[in-house]
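Here's the structure, in structure tokens; my notes come after.
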Amino acid sequence: GTCAGLAQKDVLDYIKGLGVTAVELLPVHAYLDDQHLLEKGLRNYWGYNSLAFFAPKSRYLASGHRDEFRDMVKAMHREGLEVLLDVVYNHTAEGNEMGPTLSFKGIDNASYYRLAEDKRFYINDTGTGNTFNLSNLQAIRFVCDSLRYWAHDMHVDGFRFDLATILGREPSGFDQRGGFLDAVGQDPVLSQVKLIAEPWDCGPGGYQVGRFPPGWAEWNDKFRDNARGFWKGDEGKLAEFATRFIGSADLFDRRGRRPWASVNFVTAHDGFTLHDLVSYNEKHNEANGENNQDGSNNDSSCNYGAEGETDDAAIIALREQQMRNLLATLLLAQGTPMMLAGDERAQTQGGNNNTYCQDNEITWINWERDPTEGRLAEFVRELIEVRRSHPILTRGRFLNGQYNEEAGVRDLTWLNPSGSEMAEANWEDAGARSVGLLLEGRAQVSGVREHGGDASLLILINAYHEGVSFKLPDDEEAALEWDVLLTTDAHLEKGLSVQGTEAFVAPPRSITLLRCGAPNA
């Protein structure tokens, strides 16, 4: 649980071995344990209760010295890993007007906090009692100085901003040209690091997904919610699934933004782990001491026949397949994928979806336990390697069906099982749960009217409980050969070759990735 521990060679080798390229840490700024948690014998585990914006939490330093943090960052850099910090500049540990006077409240309360019309009270757009006032010039300067310290002195590569709508909230509401956002955008240091927004807060007009300035990426909860609902079997999800899968252009294709601006995720620290998402219908937060009333009641989870752990082999196999489906959805989609540490090992929190106060075995990664016996981690490695080796999956522009005149093909085509292009009626069918996505390598232009050199990929997505026969794309002049590159189905043979003239049965509840080989003479 320390920076020195994270910098150990075995840990770094494991992370790098998965194919991961960046590690995001939960808040490391010095923070306080909430009094109500201490009274229950618990303590703050996530760290979203910052007090000092320049100091690392001493709990995370085995040596007690700040250089341990910097040494950890350098160790990650030596392995080619970037380090991102989750930072909390939207509120502090001083709480509401009844809270303690520890720092900003005693220095200049009216400058550092947003106050209600009655100046005795705070505006609470964060749900934590106070809201840091990033309309104030001195507060902006203080936060920017903090960011530059971590980027320049401590060498971190970027930041994920908790409740980031606060950062752009002016007295009139959210403004993507607000003082803090403009200050970061023109800063010679901060404009060059990775900037990721959690684009919502609890205040009026707080949901701002897709509305941050160019240069920012954003957590995309619409991707999370749709992916969960689609694979659970909810109706009417297919059309949105397609939109989310190719980068959520409806949200991010504006002002020159790119697909990487969409940070796609299925799970995060807040909510169920991947294992628990497919193992529990209900949350089980009793250990938090709040009568199971805390945490979300809308996780779109499914236990597939038994609540929690089970010995039923069929349920276990289905859960593992659904975990593979969700991981494949995440890592084959356009955008920036974010995984929760431990999901590749089917980490469980016993159904607790709000583990902010559980600094114990409920949340710690158990390196002795992996119910998939390494299968899921190996699948993650395969997915990341496929993503890395096929640039068509990480294009720098949005794919929108654009026609390439030189190659005579579109960059992408959505196909129904008959092999025809999806029609409006297909998308509007509430019960539709199966579709094919053809990513045409010849259309991936690297210059004006220039042929692309990527392989063509066909992604067959089938959320039905039975197999679906797909007619594969073919060429009028020569039969195309498709090879099964990757599949979430435990029984389908990887490496299987299928002629374009043949039908291919997409297995039940599966994603199958096929790559086009050279045309047969």
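The values are calculated or read from the model by the stated rules, or taken from the named source; none is laboratory data. Just so we're clear, the structure is a prediction, and the values are computed from it rather than from any experiment. Using ideal geometry, Cβ is built from the backbone for each residue, glycine included, and neighbour counts are taken over all protein chains shown. These area figures cover heavy atoms from the full protein model, side chains too; ligands, DNA and RNA do not enter into them. Shrake-Rupley method; radii C 1.70, N 1.55, O 1.52, S 1.80 Å.
Once the Kirkwood radius over Cα pairs is known for the range 293-452, the Stokes-Einstein relation at 25 °C and 0.890 mPa s delivers a diffusion coefficient of 128 µm²/s.
The base-10 log of I(q)/I(0) for the range 174-268, evaluated at q = 0.11, 0.14, 0.21, 0.23 Å⁻¹, reads -0.36, -0.56, -1.08, -1.21 [Debye formula, identical scatterers on Cα atoms, solvent excluded]. A simple spin-label model places pseudo-atoms 7 Å from Cα toward Cβ; at residue 309 and residue 494 they are separated by 2.9 nm. In percent, rounded to a whole number, the relative contact order of the chain is 10, using alpha-carbon pairs under 8 Å and six or more apart. Loop-resident GluC sites (Glu not before Pro) (DSSP state other than H, G, I, E or B) in the range 1-85 with no more than 11 further Cβ atoms inside 10 Å of their Cβ: 39. Computed on the range 296-376, the Cα convex hull volume stands at 126 Å³ per residue. One equal scatterer on each Cα of the range 86-134, no solvent, Debye formula: the resulting log10 I(q)/I(0) at q = 0.14, 0.20 Å⁻¹ is -0.27, -0.56. Expressed per residue, the C-alpha convex hull volume of the range 187-327 stands at 159 Å³. Set the Cα radius of gyration of the chain against 2.2 N^0.38 Å, with N its number of residues, and you get 1.02.
Here the range 177-243 has 47 percent of its accessible surface on carbon and sulfur atoms, given a 1.4 Å probe and all protein chains in place. Centre-to-centre separation between the Cα atoms of the range 216-231 and those of the range 369-430: 16 Å.
Here the range 336-398 is described by how far its Cα atoms reach on the three principal axes: 42, 27, 15 Å, from widest to narrowest. When the C-alpha to C-alpha distance is required to be over 32 Å, the pairs from 74/283; 222/283; 119/194; 237/283 that qualify are 74/283; 119/194. Kirkwood's formula applied to the C-alpha pairs of the range 33-167 gives a hydrodynamic radius of 16.3 angstrom.
How would you classify the range 102-212 from its alpha-carbon gyration tensor, with a ≥ b ≥ c the square roots of the eigenvalues: rounded for a/c under 1.5, else prolate if a/b is greater than b/c, otherwise oblate? The shape class here is oblate.
Per residue and in Å³, how big is the convex hull formed by the alpha-carbon atoms of the range 1-112?
Each residue corresponds to 124 Å³ of Cα convex hull volume.
Taking θ as phi - 60° and the Karplus parameters 6.51, -1.76 and 1.60, the scalar couplings of the range 342-357 work out to x, 4, 6, 10, 6, 5, 10, 10, x, x, 7, 10, 8, 8, 4, 10 Hz in sequence order, x denoting glycine and proline. Applying the Karplus relation 6.51 cos²θ - 1.76 cosθ + 1.60 with θ = phi - 60° to the range 42-57 yields 3J(HN,Hα) values of 10, 8, 5, 9, 6, x, 7, 8, 5, 10, 10, 7, 10, 10, x, 5 Hz, where x marks Gly and Pro.
Heavy-atom accessible area, probed at 1.4 angstrom with all protein chains present, ranks 476, 198, 361 as 476, 361, 198, highest first.
Calculate the dipole size of the chain relative to its Cα centre from +1 charges on Lys and Arg beta carbons and -1 charges on Asp and Glu beta carbons; express the result in debye to the nearest 20. Don't jump to the answer; show the numbers that get you there.
Working: 50 positive and 78 negative charges, 281 e Å.
Dipole about the Cα centre, nearest 20: 1360 debye.
Rg then Dmax, both in Å and based on the Cα atoms of the range 353-435: 20.9, 60. Which residues in the range 96-120 have a backbone N closer than 20 Å to a point placed 7 Å from the Cα of residue 36 along the Cα-to-Cβ line? It comes to 96-102, nothing else. Residues in the range 152-165 carry Karplus couplings, in order, of 8, 7, 9, 6, 6, 9, x, 9, 10, 9, 5, 6, 6, 4 Hz; the curve used is 6.51 cos²θ - 1.76 cosθ + 1.60 with θ = phi - 60°, and Gly or Pro positions show x. Starting from the amide H of residue 486, placed 1.01 Å from N in the peptide plane, find each other amide H under 5 Å away whose residue is 5 or more places distant or on another chain. Close amide H contacts, sequence-distant or interchain: 513. If you count the DSSP beta bridges with both ends in the range 140-248, what percent of them are antiparallel, to the nearest 5? DSSP beta bridges in the range 140-248 are roughly 20 percent antiparallel.
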